[in-house]
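**Q** Can you read through this structure? Questions will come right after.
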Amino acid sequence: MDQQHGLTSGEGSSEEQAAAERTREIHLTMDLCLRIGEMLLSSGAGAADVTATMRSVADHLGLRHAEIDVTFTALSMSYQRALDDVPMLMLRHVQQRDIDYEDLTAVDHLVRDILTDQADLFLARSRMATIISLGHAFPRWAVTLTWAVMAAAVGVFLGGGVVVSAVAALAAALIDRVQIVLARRRLPFFYLQVAGGAIATLLAAGVAATPIDVDPSLVVTANIIMLLAGIGLMGAVQDALTGFYLTSSARLIEAMMATAGIIAGVALGISVANGVGLQLSRLVPGQIGDYSDLPAILAGAAVSSAAFSVACYAPRRAVLPIAVITAIAALISQTVSVNGFGRAAAAGAAAFFIGLVAYAVAGRVRVPPLVVAVPAIVPFLPGLSIYRGLTWLADGGYLVSQGILALMTAISVAIALASGVILGEYVAQPLKREARKLENRLAGPRLVGPFRAMTRAERRALRRTTASGE
């Protein structure tokens, strides 16, 4: 009897250990999914992409029908093994981070390895920890240098000369270093943007007061585009199109506050400049009248997007394709402009092309399409319209209505850029039947994450191919 009782106790103990091990595995899987989602969301990925990626990983690792909720600042995931079991719930707060395309690409590759059985749960967690903890190959001062190169190239793209590019580069480097100091003091991002706009405006006004022949409007515009770069408007539009209205609203508010900071900073700079007797020109060149300056415009667009991708730590193999795509998009934009269409139409046409080719190019260079699309639209950001609107508003009188119209034009250009890229992705990346089954909440294209789930037969074939290769 004692022997039988001991056997029963041993069996019970084994079952309890197995249950505890399974609970631990579920906990580790949910934690991995949440960490992946946090990295994607903080890097600008749309909520639909984050949800679909987390669900793909969870399903593949055995957590079928897990509930996933994504908002702008938090991720939650729950799983219930059986109807009579207590569900497990985990929450993770999304830390706001600088855009880091190197980490985003590494996480994207990790997800693909998980879905192709090249990484199990424990290897995936180890790789994820490595991605989070590792630094970058080049120092922070090099990022400041790339921001300066980007601002100089934007000056060329807008039609400025060597002096405009040099002053814009100096302002960009100063803005970046000041923003680093303010960020270390934990000031909100709004005040960092105010400081950036004010520095650009005051420096341009100071140079204009010297005998140096420079158009200060181009200097300010180049730095406004630098400050606008990286604002997550495209993610906000994608979230709105895919039904994640809460996250979309939060991202729109964040973009509006960041843009409002730029406007406040530039307005402050204009007021101070006028107060001390420095006049800023209202001339806003940069629109091409013929094709004589076209090579310089295309080169400026290409270099500015490439510099932005480097500043965001994009893999080196993606920098040249991004530059080529941006140059072609700039040619499309200028062609549309000289044929009598407005700035919004020109920006939308360029963005549509970028979205159309980003999927194919990203697959070639093994990066998420987001890494290609966001840097490519940087030269087309509406810095010209913002500066024009602010100068007219500052003058007052009958120019106020024109200033408001210019700011509305800036909003329309920004929306055209975001929606154009997403429309291009719609055309280039139609959803397949397998993807619709897996991603029933996804109503739009994918900019991050796996584009379809592998079937069991495909996974077995991949394992056989790998084994035979070994």
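The values are calculated or read from the model by the stated rules, or taken from the named source; none is laboratory data. What you are looking at is a predicted structure, and each value in this text was computed from that prediction instead of being measured. Every residue, glycine as well, gets a Cβ built from its backbone with ideal geometry; the counts of neighbours run over all protein chains shown.
**Q** In this structure, is residue 127 among the basic types (Lys, Arg), in contact (Cβ under 8 Å) with a residue 12 or more places away in the chain and not in a loop (DSSP other than H, G, I, E, B)? It would help to see each step written out before you state the result.
**A** On the way: among the basic types (Lys, Arg): yes; in contact (Cβ under 8 Å) with a residue 12 or more places away in the chain: yes; not in a loop (DSSP other than H, G, I, E, B): yes.
When the stated conditions are applied, residue 127 passes them.
Conditions (1) within 19 Å of residue 379 (Cα to Cα); (2) buried (at least 24 other Cβ atoms within 10 Å of the Cβ); (3) in contact (Cβ under 8 Å) with a residue 24 or more places away in the chain, marked per residue:
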{"residue": "197", "(1), (2), (3)": "yes, yes, yes"}
{"residue": "210", "(1), (2), (3)": "no, no, no"}
{"residue": "219", "(1), (2), (3)": "yes, yes, yes"}
{"residue": "222", "(1), (2), (3)": "yes, yes, yes"}
{"residue": "239", "(1), (2), (3)": "no, yes, yes"}
{"residue": "246", "(1), (2), (3)": "no, no, yes"}
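**Q** Tally up the residues in the stretch 150-184 that are in contact with an Asp or Glu (Cβ under 8 Å, 6 or more places away or on another chain) and farther than 23 Å from residue 375 by Cβ, please.
**A** Looking only at that region, the number is 1.
Results for (1) surrounded by fewer than 23 Cβ atoms within 10 Å (Cβ to Cβ); (2) of a type outside the set (A, V, I, L, M, F, W, C), shown as yes or no for each residue.
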residue	(1), (2)
149	yes, no
164	no, no
167	no, no
183	yes, no
188	yes, yes
213	yes, yes
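**Q** Does residue 248 satisfy being in a helix (DSSP H, G or I), among the hydroxyl-bearing types (Ser, Thr, Tyr), more than 29 Å from residue 300 (Cβ to Cβ) and touching a helix residue (DSSP H, G or I) at 6+ places or on another chain (Cβ under 6 Å)? Reasoning before the result, please.
**A** Working: in a helix (DSSP H, G or I): yes; among the hydroxyl-bearing types (Ser, Thr, Tyr): yes; more than 29 Å from residue 300 (Cβ to Cβ): yes; touching a helix residue (DSSP H, G or I) at 6+ places or on another chain (Cβ under 6 Å): yes.
Here the answer is yes, as residue 248 does meet what is asked.
**Q** Which pairs turn up if I take residues in the stretch 72-88 that are in the same structural domain as residue 246 (by TED's automatic domain parsing) and surrounded by fewer than 15 Cβ atoms within 10 Å (Cβ to Cβ) and look for partners that are at pLDDT 80 or above and among the aromatic types (Phe, Trp, Tyr) with beta carbon separation below 6 Å, at least 6 apart in sequence or on another chain?
**A** none
**Q** Identify, please: which residue in the stretch 303-319 is hydroxyl-bearing (Ser, Thr, Tyr) and assigned to a helix (DSSP H, G or I) and is, among those, farthest from residue 153 (Cα to Cα)?
**A** 309
**Q** Check off (1) crowded, with 22+ Cβ neighbours inside 10 Å; (2) touching a residue at least 60 places away in the same chain (Cβ under 8 Å); (3) within 23 Å of residue 313 (Cβ to Cβ) for residue 41 and give me the number that stays unchecked.
**A** Among (1) crowded, with 22+ Cβ neighbours inside 10 Å; (2) touching a residue at least 60 places away in the same chain (Cβ under 8 Å); (3) within 23 Å of residue 313 (Cβ to Cβ), residue 41 violates only (2).
**Q** I'd like the full set of residues that are part of a helix (DSSP H, G or I) and more than 19 Å from residue 419 (Cα to Cα), limited to the stretch 215-234. Quick ask: steps written out before the conclusion?
**A** Going through the stretch 215-234, the residues part of a helix (DSSP H, G or I) turn out to be 216-228, 233-234.
Scanning the stretch 215-234 gives 216, 217, 218, 219, 220, 221, 222, 223, 224, 226, 227.
**Q** Could you please find all residues in the stretch 34-52 being closer than 18 Å to residue 232 by Cβ and assigned to a helix (DSSP H, G or I)? It would help to see each step written out before you state the result.
**A** Residues of the stretch 34-52 closer than 18 Å to residue 232 by Cβ: 37-51.
Answer for the stretch 34-52, where residues must be closer than 18 Å to residue 232 by Cβ and assigned to a helix (DSSP H, G or I): 37, 38, 39, 40, 41, 42, 47, 48, 49, 50, 51.
**Q** Inside the stretch 138-184, can you point out the residues that are free of Cβ contacts under 8 Å to residues at least 12 places away in the same chain and among the aliphatic types (A, V, I, L, M)?
**A** Selection gives 142, 162, 181, 183.
**Q** Something else: Take the residues in the stretch 53-71 that are in a helix (DSSP H, G or I) and touching a strand residue (DSSP E or B) at 6+ places or on another chain (Cβ under 9 Å); name whichever of them is surrounded by the fewest Cβ atoms within 10 Å (Cβ to Cβ).
**A** In the first step, residues of the stretch 53-71 are kept if they are in a helix (DSSP H, G or I); the result is 53-60.
Adding the requirement that they be touching a strand residue (DSSP E or B) at 6+ places or on another chain (Cβ under 9 Å) leaves 54-55, 58.
On the way: 54: 28, 55: 26, 58: 23.
Here the answer is 58.
**Q** Only one residue in 324, 336 is modelled with pLDDT of 85 or more, under 16 Å from residue 308 (Cα atoms) and assigned to a helix (DSSP H, G or I), so which one is that?
**A** Only one candidate passes the filter, namely 324.
**Q** Suppose we filter 238, 179 for residues that are in a helix (DSSP H, G or I) and either within 18 Å of residue 301 (Cα to Cα) or modelled with pLDDT under 85 (or both); which single one remains? Show your work before the answer.
**A** Working: 179 fails: either within 18 Å of residue 301 (Cα to Cα) or modelled with pLDDT under 85 (or both).
From the options 238, 179, the qualifying one is 238.
**Q** Would you tally the residues in the stretch 148-194 being among the aromatic types (Phe, Trp, Tyr) and within 25 Å of residue 333 (Cβ to Cβ)? Steps first, please.
**A** Going residue by residue through the stretch 148-194, those that are among the aromatic types (Phe, Trp, Tyr) are 157, 189-191.
Among the residues that remain, those that are also within 25 Å of residue 333 (Cβ to Cβ) are: 157.
Number satisfying all stated conditions: 1.
**Q** What residue, among those in the stretch 103-144 that are among the acidic types (Asp, Glu) and surrounded by fewer than 19 Cβ atoms within 10 Å (Cβ to Cβ), is modelled with the highest pLDDT?
**A** Within the stretch 103-144, the subset among the acidic types (Asp, Glu) is 103, 108, 113, 117, 120.
Going one step further and asking which of them are surrounded by fewer than 19 Cβ atoms within 10 Å (Cβ to Cβ), we end up with 113, 117, 120.
Working: 113: 91, 117: 86, 120: 88.
Restricting to residues being among the acidic types (Asp, Glu) and surrounded by fewer than 19 Cβ atoms within 10 Å (Cβ to Cβ), the top hit is 113.
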